[in-house]
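See structure below.
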């Protein structure tokens, strides 16, 4: 039903973190794909690079027809922004969550220090990370994160790679609809105005009582937002198809069937 949805997970986690959203969206009859990015989940042991991660998302989009709503959180949000800038024609819409902080070298250094300290632990910080998720997430959300494995060994390399992304330029290159979603308590909101200003057509949403893991802190709210975004994008895709068909001599569908959401 409607436009397909591709989900890109965050740092250290895997596609399993999207379990609440996959269940919610599939129950609506939507096509949803959540790949593991390089060095995470089923692909632990691989090297991470922004290019490989972008290729993974574009391959997932191709697997569902070549055009999709792309949804990413944190690392996945940054990679999704890079993908939208690199291949805008394949991204019907973009939901970028928990990633409105330009990942330059100075900011990367802030996150590199604890990652390096974790690497000195015998398990590279796996137990600390799992305990953190179990203390801060509720109602099965921690299991959704932990069940796919925690790629703690990937953190430093990923942080270094993400620092190479010019997120603002990538957003400027993408002319489609963008939803920038942050938890109201998220420390990654520091450049959200600059990100919003870079969007040709942006919407900025702050979710109350949610932190960096907004999709798991408020899974129902986040799932509904993705569903609503897919509906908006779906109507736009239908309109674009009708407009194209009209130019080729195809009769338009009644406007009422295409304007239900007022997009």
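Coordinate-derived values only; no laboratory data. As the structure is a computational prediction, the values presented were derived from the model and not from experiment. For neighbour counting, all protein chains shown are included, and Cβ atoms are generated from backbone atoms with ideal geometry for every residue, glycine included.
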Cubic angstrom per residue, convex hull over Cα atoms of the range 41-84: 78
Protection proxy ranking of 57-63, 71-77 - average other beta-carbon atoms within 10 Å, highest first: 71-77, 57-63
Rounded FRET efficiency, nearest 0.05, which uses the C-beta distance separating residue 203 from residue 130 and R0 of 30 Å: 0.30
Rh by Kirkwood over Cα pairs, then Stokes-Einstein D for the range 12-82 at 0.890 mPa s and 25 °C, µm²/s: 194
Simple spin-label estimate for residue 59 and residue 238 in nanometres, 7 Å along Cα-Cβ: 3.4
Per-peptide average of other Cβ atoms within 10 Å, ordering 200-210, 81-91, 13-23 highest first: 13-23, 81-91, 200-210
